Amino acid sequence: MLASMGQAPSRRGFLGQFLSLGQFLSMTGAAAISSEIARGQNVCPAGAVGGKSDFTLRIAPVTVELAPKKIVKTIGYNGIAPGPLIRVREGKPVTIDVHNDTGVAELVHWHGLHIPSDVDGSMEEGTPMVAAHGCRRYSFTPAPSGTRWYHSHGMAGRNLNRATYTGQFGFFYIEPASEPGAYDQEIFLAFREWEPYLSTMGEDDASLDVAYKQFSINDRALGHGDPIRVREGQRVLLRILNASATMHRRIGFAGHKFQVVAMDGNPVARPQSIEALELGPAERIDAIVEMNQPGVWILGATEDHDREAGMGIVVEYAGRSGEPQWIAPQGKWDYTIFAAAPSSSATAPSSSPAPPSRIDTLMEWDQAAERIPLVIEKKFVGHRWVDNWTINGKSYPKTDPIIVRAGHRYTLVFDNRSDEAHPVHLHRHTFELKKIAGVPVRRGIRKDVVVLPAKSVVEAELIANNPGPTLFHCHQQMHMDYGFMTMLKYST
């Protein structure tokens, strides 16, 4: 059965259909259904024809009560937003039936999974849409292990009731074959804004951007709903997601430190304890917190307005009461502190491509890897309109594809020449950070989203190990909608 956020999860079912079973049988026969099932992406079969799915998701209107008189109406999964926690075992095949009970076609993207293009959840990659009032079944083998998530993957443009602006998102956790479980509680926390609207932030000649009226962690505003209850001496594992469509987040936990153990679901080479986390849209961080400061505290956004408007949660120690306290965290976020430590015995790496799971103590990188420049620029529009974005001088769908060969190693050179930070995401693959703003990074920081600072260059190593059409885009919804997207294609 599907689990709610922060509770012990169990297993149930999820995904889709273009035609009813009766229509499909009359047109193509049962043999065609068997063929569709064999391909792993099909209309939802019924009964003995296809067997019961492991999970079921229903896309439909939902009402979220963040707090008394703070009601949000949106589109979500299974009557809630965020959607149910989906928990699976690495390497064990799953089937997910997605029913679309709305009047528009939809997609569900399985973010961070290394799965085939036709089930990844991107129309550009060839994944079929889940038709309005239809159903579609996705079948795949979940990998790699770690904190992933799922969400709508369509275009929204100026319609802020579509795509990632809605409540169509949820955690997807892939359990590794062996997990040490060195913690006492596991809590899933999605940071989220609601009720988006277009604004120029008071500047008459500025470009339009997205602002929000409501804020929460999961489906509750600060001070409403149950607190996280802990005991002194516990180790609590927080799986944190920035589920925003557009906003970067800085997060603190008054009186406590986060020991970061994984980013985007991938274990870091060197866990470090810090006071504040920073996540761009779609990034995830797993962090263990030692409960060693008895009291009643607030965990939440460091921006006072957003936290006080709801983006926080109370953490309450057993036997303690009183007003929740907030202490602003100190320190600067830096990806590189989680890379491998220097090794005096390091030797040059092998020239053959390493498996994507390798965590190496070497700072040296394969300098022979082909460099792929990706120059990002903004085409300012202003005058209360939306800016456009280009990759190597072109906006999607006119962008040139990134061409790679299976088994080869590449250096992706993300050259951000704009004055905004960008959370860039590569579907179906994991890359390893190699250099930030000209400074080499030691191995061990593996991501599927990385925030590119304004006016800066970030380099990442990619091993082309999952053939098929692959989407690359900014995970800021408005940037993606207005040109910041291209395809990675494998040559034959």
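The values are calculated or read from the model by the stated rules, or taken from the named source; none is laboratory data. Here the structure is a predicted model, which means the values were calculated and not measured. When we count neighbours, we look across all protein chains shown, and the Cβ atoms used for this are built from the backbone with ideal geometry, even at glycine. The area values use the complete protein model at the heavy-atom level, side chains included, leaving out ligands, DNA and RNA. Shrake-Rupley method; radii C 1.70, N 1.55, O 1.52, S 1.80 Å.
Can you tell me how many residues within the stretch 204-227 are at pLDDT below 95, within 19 Å of Ile80 (Cα to Cα) and open to solvent by less than 30 Å² (accessible area, probe 1.4 Å)?
0
Can you tell me which residue within the stretch 65-78, out of those that are under 21 Å from the mean Cα position of the chain (by Cα) and open to solvent by 10 Å² or more (accessible area, probe 1.4 Å), is nearest to Gly223 (Cα to Cα)?
Only one residue tops the list, namely Thr74.
So in the stretch 228-255, with the set limited to residues that are open to solvent by less than 10 Å² (accessible area, probe 1.4 Å) and more than 25 Å from the chain's Cα centre (by Cα), which one is modelled with the lowest pLDDT?
Filtering the stretch 228-255 for residues that are open to solvent by less than 10 Å² (accessible area, probe 1.4 Å) and more than 25 Å from the chain's Cα centre (by Cα), the one modelled with the lowest pLDDT comes out as Ala254.
Rundown of residues vs (1) open to solvent by 30 Å² or more (accessible area, probe 1.4 Å); (2) in contact (Cβ under 8 Å) with a residue 60 or more places away in the chain, yes/no style:
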position: Pro294; (1), (2): yes, yes
position: Ala301; (1), (2): no, yes
position: His305; (1), (2): yes, no
position: Ser321; (1), (2): yes, no
position: Tyr335; (1), (2): no, yes
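For residues that are at negative phi, open to solvent by 50 Å² or more (accessible area, probe 1.4 Å) and at pLDDT 95 or above, tally how many sit in the stretch 185-203.
Looking only at that region, the number is 1.
Can His383 be described as open to solvent by 50 Å² or more (accessible area, probe 1.4 Å) and not in a strand (DSSP E or B)? Don't jump to the end; show me each part of the working.
Details: open to solvent by 50 Å² or more (accessible area, probe 1.4 Å): yes; not in a strand (DSSP E or B): yes.
It is true that His383 is open to solvent by 50 Å² or more (accessible area, probe 1.4 Å) and not in a strand (DSSP E or B).
Contact list please: Cβ distance under 6 Å, first residue in the stretch 54-72 and farther than 20 Å from Leu85 by Cβ, second residue of a type in the set (Asp, Glu) and part of a strand (DSSP E or B), pairs at least six apart or on different chains.
Short answer, once both residue conditions are applied: Ile71/Glu65.
For the stretch 454-467, state whether one or more residues are aliphatic (A, V, I, L, M), open to solvent by 10 Å² or more (accessible area, probe 1.4 Å) and touching a Ser or Thr at 6+ places or on another chain (Cβ under 7 Å).
Here is the first cut: in the stretch 454-467, the ones aliphatic (A, V, I, L, M) are 454, 457-458, 460, 462-464.
Checking which are open to solvent by 10 Å² or more (accessible area, probe 1.4 Å) leaves us with 454, 457, 463.
Now narrow it down to the ones that are touching a Ser or Thr at 6+ places or on another chain (Cβ under 7 Å): 454.
Scanning the stretch 454-467 turns up at least one residue that is aliphatic (A, V, I, L, M), open to solvent by 10 Å² or more (accessible area, probe 1.4 Å) and touching a Ser or Thr at 6+ places or on another chain (Cβ under 7 Å).
Answer yes or no as to whether His114 is open to solvent by 30 Å² or more (accessible area, probe 1.4 Å), in contact with a Gly (Cβ under 7 Å, 6 or more places away or on another chain) and not in a helix (DSSP H, G or I).
no
Going through the stretch 477-492 one residue at a time, which ones are open to solvent by less than 10 Å² (accessible area, probe 1.4 Å) and either within 19 Å of Glu432 (Cα to Cα) or in a loop (DSSP other than H, G, I, E, B) (or both)?
Those that are open to solvent by less than 10 Å² (accessible area, probe 1.4 Å) and either within 19 Å of Glu432 (Cα to Cα) or in a loop (DSSP other than H, G, I, E, B) (or both): Gly483, Phe484, Leu488.
Scanning for something out of contact with any strand residue (DSSP E or B) (no Cβ under 6 Å at 6 or more places or on another chain) and either without any contact (Cβ under 8 Å) to a residue 40 or more places away in the chain or within 27 Å of Asp334 (Cα to Cα) (or both), does the stretch 210-222 turn up at least one residue?
No, every residue in the stretch 210-222 fails to be out of contact with any strand residue (DSSP E or B) (no Cβ under 6 Å at 6 or more places or on another chain) and either without any contact (Cβ under 8 Å) to a residue 40 or more places away in the chain or within 27 Å of Asp334 (Cα to Cα) (or both).
If only one of Val119, Val104, Val98 is over 30 Å from Arg307 (Cα atoms), in a strand (DSSP E or B) and either polar (S, T, N, Q) or at pLDDT 95 or above (or both), which one is it?
Val98
Which condition number does Pro45 fail, the rest of (1) at pLDDT below 95; (2) open to solvent by less than 10 Å² (accessible area, probe 1.4 Å) being met?
Going through (1) at pLDDT below 95; (2) open to solvent by less than 10 Å² (accessible area, probe 1.4 Å) one by one, Pro45 breaks only (2).
Please name all residue pairs, on different chains or six or more residues apart, with Cβ atoms under 9 Å, provided the first residue is in the stretch 173-192 and is free of Cβ contacts under 8 Å to residues at least 60 places away in the same chain and farther than 30 Å from Leu66 by Cβ and the second residue is open to solvent by 10 Å² or more (accessible area, probe 1.4 Å) and in a loop (DSSP other than H, G, I, E, B).
Note: pairs meeting the criteria are Glu179/Ser145.
Just to be sure I understand, how many residues within the stretch 416-446 are more than 20 Å from Lys489 (Cα to Cα) and open to solvent by 10 Å² or more (accessible area, probe 1.4 Å)?
13
Filter the stretch 403-415 for residues that are open to solvent by 10 Å² or more (accessible area, probe 1.4 Å), under 24 Å from Val119 (Cα atoms) and among the β-branched types (Val, Ile, Thr) and give the result.
Passing the criteria: only Ile403.
Which of the residues that make up the stretch 265-292 are in a strand (DSSP E or B), open to solvent by less than 40 Å² (accessible area, probe 1.4 Å), among the small types (Gly, Ala, Ser) and touching a Lys or Arg at 6+ places or on another chain (Cβ under 8 Å)?
The answer is Ala269, Ala276.
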